[in-house]
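The structure appears right after this line, and notes come after that.
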Amino acid sequence: VSLAGLLIPSVPYKGWNALFFFAIYPVITFFLLLGGWFGLVEVETSLWGGLLVTLVLAVTAIVASVPLGILLALGRRSDMPVVSLLSTIFIETVRGVPLVLVLFMAANMFPLFMPPGINPDKLLKAVVGTALSASAYMAEVIRGGLQAIPKGQYEASQALGLPYWKMMGLIIMPQALKIVIPGIVNNFIGLFKDTSLVTVVGIFDLLGIVQSGFNDPKWASAQTGNTGYFALAGIYWVFCFGMSRYSMYIERRLNTGHK
């Protein structure tokens, strides 16, 4: 309901709705799913599975990849050599390896950077790895939008005396993001489908749950594979088609300068 309020332009109080959806709702959801509070039975994240895990991974990675991608894109175009070099190294390194390898590294190497005795659960490590991988691809999409903005826009903003962050936040970035909406949504769709790769690190997402049913004597039959994969394809198609159609609606709504 909160997400629908953010996506529908005519719904009021979007600022409060965004605060609830991005800050308050994730905390409430995490404690309700984890249990151990309010008389709920505690359920470890290793026992989570199915569409819930797919949505947690996809939504968290999508929400995190956009601001991280913006910072990386600005960092790569920065005039400060150190910032530009570090951003370029991160982007090229992450884009140069498959997501499966990133997930393996997050599962096995991430605990090495934590204090002794602290080992985050597999779901958290998968979320971090997926979000970092998605942010590298998002950075290049956004950088393409920044390069498409005419130099006159930068010069006009500087002539008005706007500082760097106000120039980017009020003038440059809104135009750049509008240009690259198809690329951003394309990344979102690919990221949503790539969440199925977490099965290789032992997390039972939607695909993992379907495959685990093949070996369950209560469900296994000659038609289990066909019906399971067909239902799986249908669920993925509904979500991806919905994102695609909504992006087309946003493009038409924001395409006021070319009508």
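Here the Kirkwood formula, the inverse mean of 1/r across different C-alpha pairs, assigns the chain a hydrodynamic radius of 20.8 Å. Using a Gaussian network model of the chain whose springs link C-alpha atoms within less than 10 Å, name the residue from Gln158, Gln211, Gln147 with the highest mean-square fluctuation. Among Gln158, Gln211, Gln147, the largest GNM mean-square fluctuation belongs to Gln158. Expected output is a single nm value to one decimal: the length gained when fully extending between Tyr249 and Asn108, i.e. 0.36 nm times separation in residues minus the C-alpha distance. What is it? 46.6 nm is the gain from fully extending Tyr249 to Asn108. Think of each Lys and Arg Cβ as +1 and each Asp and Glu Cβ as -1; about the Cα centre, that makes the dipole of the chain roughly 800 debye.
Of the peptides 230-241, 119-130, 72-83, the ranking by mean beta-carbon count within 10 Å, highest at the top, reads 119-130, 72-83, 230-241. Which helices, taking whole DSSP H runs in the chain, have alpha carbons extending 30 angstrom or more along the helix axis plus mean Kyte-Doolittle at least 1.0? Helices meeting the criterion: 51-76.
Between Tyr229 and Ser212, residue separation times 0.36 nm minus the direct Cα-Cα distance comes to 4.9 nm.
Per the Debye calculation on the range 91-216 with a single equal scatterer at every Cα and no solvent contribution, log₁₀ I(q)/I(0) for q = 0.21 Å⁻¹ amounts to -1.12.
A Förster radius of 35 Å, combined with the Cβ-Cβ distance separating Lys193 from Met80, puts the computed FRET efficiency at roughly 0.45. Normalised by 2.2 N^0.38 Å, where N counts its residues, the alpha-carbon radius of gyration of the range 53-121 equals 1.33. What the Cβ-Cβ distance of Leu55 and Ala159 gives, at R0 = 51 Å and to the nearest 0.05, is a FRET efficiency of 0.65. About its Cα centre, the dipole of the range 1-152 is roughly 440 debye, where the only charges are +1 on Lys and Arg Cβ and -1 on Asp and Glu Cβ. Here the convex hull built on the C-alpha positions of the range 1-100 has a volume of 172 cubic angstrom per residue. Toward the positive end of the charge dipole of the range 1-101, about the Cα centre and with charges on Cβ (Lys, Arg +1; Asp, Glu -1), which of Gly75, Val41, Phe31 goes farthest? Positive-end residue among those listed: Gly75. Under 5 Å between amide H atoms, partner at least 5 residues away or on a different chain: which partners does Gly50 have, H built in plane at 1.01 Å? Long-range HN contacts for Gly50: Asp205, Leu206, Ile209. The mean accessible area for residues of the range 214-259, using a 1.4 Å probe and ignoring ligands and nucleic acids, is 80 Å² per residue.
The values are calculated or read from the model by the stated rules, or taken from the named source; none is laboratory data. Worth saying up front: this structure is predicted, and the values here are computed from it rather than measured. Note that each Cβ is placed from the backbone with ideal geometry, even for glycine, and that neighbours are counted across all protein chains shown. The area values use the complete protein model at the heavy-atom level, side chains included, leaving out ligands, DNA and RNA. Shrake-Rupley method; radii C 1.70, N 1.55, O 1.52, S 1.80 Å.
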